[in-house]
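Single-structure report; data block below.
The values are calculated or read from the model by the stated rules, or taken from the named source; none is laboratory data. Computed from a predicted structure; not experimentally measured. Neighbour counts are summed over all protein chains in view; Cβ atoms, including those assigned to glycine, are modelled from backbone coordinates with ideal geometry.
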Amino acid sequence: MKIEGVMTALVTPMRNGDVDFDALGNLIEDQIAAGIDGLVAVGTTGESATLDMREHKQVIQHFVEVAKKRVPVIAGAGGNSTIEALELSLASAEAGADGLLQVTPYYNKPTQEGLYQHFATIANETELPVVLYNVPGRTSCDLLPETVARLAEIDNIVAIKEATGDVIRATRIVELCGDSITLLSGDDFTAFALYAVGGRGVISVVSNLIPGIMAKMWRAARDGAWDRARELHFHIQPLTRLLFVESSPIPVKAALALLGKIQPDIRLPLCPCSDQLKEALRRQLADQGLL
């Protein structure tokens, strides 16, 4: 399966401390109706760090059941233990997910050889396409381009979500890997820039709110309409900046709550956004024509 385009790293709605599956289903339907290319379940934005194993598996199952193969569902199935990541990966495959998002193991800081062995072990235990996820700002672990090139030789490691924010890094991955792996932007700020150096999509936070605009920007770049893609890039910047004033997914859940799509619930150690940020979000959502 080819993984490219705009894939929304969807939030996990909560109500009174539990996952709100009704709200989640509505969000999935809204995303598909807006023309999104794929959905990521239980990634960073989906609060993977605070869902227990049972909830994690239930949320992935719900994505699959609601999406009904209309768009690919990429299951966040990473962990800092290879055994745990394998358990989530096999459960995701059993649930019917279309691919796996595998973050670099956090906290224990493996070597490059350890990273290679971790991802290779997971890929060899499943037939699902694997998307590597490099976000050293959160994990204190950096997957280097040379290691990505080694991993790209494994048939079902098909893409990398590169979230360093470094265009030089992204360029090096394309230089080393060519078409053997798909480069995806791991943050909305660099989506346009990575398209320009050969990126083939983005795993997006802001598309929780404006999936249609993000899809249009990607398709404009894909089709060579660079002026239009650049215009949309600058259009989304004010909203994107607000979504990272406080730790994600705090702001995007607050924005979705302002739109009446979810409750503002979030799990500790994350807490609801400040009143100042909430008001700034309200103004920006109005400017975007969403309120």
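Kindly indicate whether A75 is farther than 18 Å from R150 by Cα, modelled with pLDDT of 95 or more and either of a type in the set (V, I, T) or buried (at least 22 other Cβ atoms within 10 Å of the Cβ) (or both). Taking the combined requirement at face value, the residue satisfies it. Can you find a residue that is at pLDDT 95 or above, surrounded by fewer than 24 Cβ atoms within 10 Å (Cβ to Cβ), of a type in the set (V, I, T) and under 15 Å from the mean Cα position of the chain (by Cα) anywhere in segment 80-90? Taking every residue of segment 80-90 in turn, none turns out to be at pLDDT 95 or above, surrounded by fewer than 24 Cβ atoms within 10 Å (Cβ to Cβ), of a type in the set (V, I, T) and under 15 Å from the mean Cα position of the chain (by Cα). In the set (1) modelled with pLDDT of 95 or more; (2) in contact with a strand residue (DSSP E or B) (Cβ under 6 Å, 6 or more places away or on another chain), E29 fails one condition alone, (2).
Restricting V135, V130 to those that are of a type outside the set (S, T, Y), touching a helix residue (DSSP H, G or I) at 6+ places or on another chain (Cβ under 7 Å) and crowded, with 16+ Cβ neighbours inside 10 Å reduces the list to V130. Name the single residue that is farthest from T111 (Cα to Cα) among those in segment 126-157 being among the β-branched types (V, I, T) and not in a helix (DSSP H, G or I). Only one residue tops the list, namely T126. Comparison of T164, T190, T171 shows that the only residue that is farther than 22 Å from L285 by Cα and in a helix (DSSP H, G or I) is T171.
Considering E146, E125, the condition of being modelled with pLDDT of 95 or more, surrounded by fewer than 21 Cβ atoms within 10 Å (Cβ to Cβ) and either farther than 23 Å from S185 by Cβ or not charged (D, E, K, R) (or both) is satisfied by E125 alone. Counting the residues of segment 239-268 that are without any contact (Cβ under 8 Å) to a residue 60 or more places away in the chain and either in a loop (DSSP other than H, G, I, E, B) or out of contact with any Phe, Trp or Tyr (no Cβ under 9 Å at 6 or more places or on another chain) (or both) gives 15. Looking across segment 1-43 at every residue that is in contact (Cβ under 8 Å) with a residue 60 or more places away in the chain and in a helix (DSSP H, G or I), the one that is nearest to V202 (Cα to Cα) is identified as Q31. Just one of the listed residues (T12, T8) is buried (at least 18 other Cβ atoms within 10 Å of the Cβ), touching a Pro at 6+ places or on another chain (Cβ under 7 Å) and modelled with pLDDT of 95 or more, and it is T8. The residues listed here are K57, K68; of these, the one that is at pLDDT 95 or above, more than 17 Å from P129 (Cα to Cα) and surrounded by 18 or more Cβ atoms within 10 Å (Cβ to Cβ) is K57. The residue that is nearest to I203 (Cα to Cα), counting only those in segment 60-96 that are in contact with a strand residue (DSSP E or B) (Cβ under 6 Å, 6 or more places away or on another chain) and of a type in the set (V, I, T), is I74.
Give the residues of segment 92-113 that are surrounded by 16 or more Cβ atoms within 10 Å (Cβ to Cβ), in a loop (DSSP other than H, G, I, E, B) and not aliphatic (A, V, I, L, M), sorted by residue number. If the condition is that a residue be surrounded by 16 or more Cβ atoms within 10 Å (Cβ to Cβ), in a loop (DSSP other than H, G, I, E, B) and not aliphatic (A, V, I, L, M), then G96, D98, T104, P105, Y106, P110 are the ones that fit. Scanning segment 44-58 for residues that are touching a residue at least 12 places away in the same chain (Cβ under 8 Å) and aliphatic (A, V, I, L, M) yields a count of 2. Among residues of segment 192-203 that are more than 17 Å from G178 (Cβ to Cβ), those with a Cβ under 9 angstrom from a residue that is small (G, A, S) and in a strand (DSSP E or B), sequence gap 6+ or separate chain, pair up as F192/S185; A193/S185; V202/G5; V202/S185; I203/A9; I203/G38; I203/S185. Of the residues A225, A257, which is at negative phi, surrounded by 19 or more Cβ atoms within 10 Å (Cβ to Cβ) and either at pLDDT below 95 or not hydroxyl-bearing (S, T, Y) (or both)? Step by step, each of A225, A257 is checked, and only A257 is at negative phi, surrounded by 19 or more Cβ atoms within 10 Å (Cβ to Cβ) and either at pLDDT below 95 or not hydroxyl-bearing (S, T, Y) (or both).
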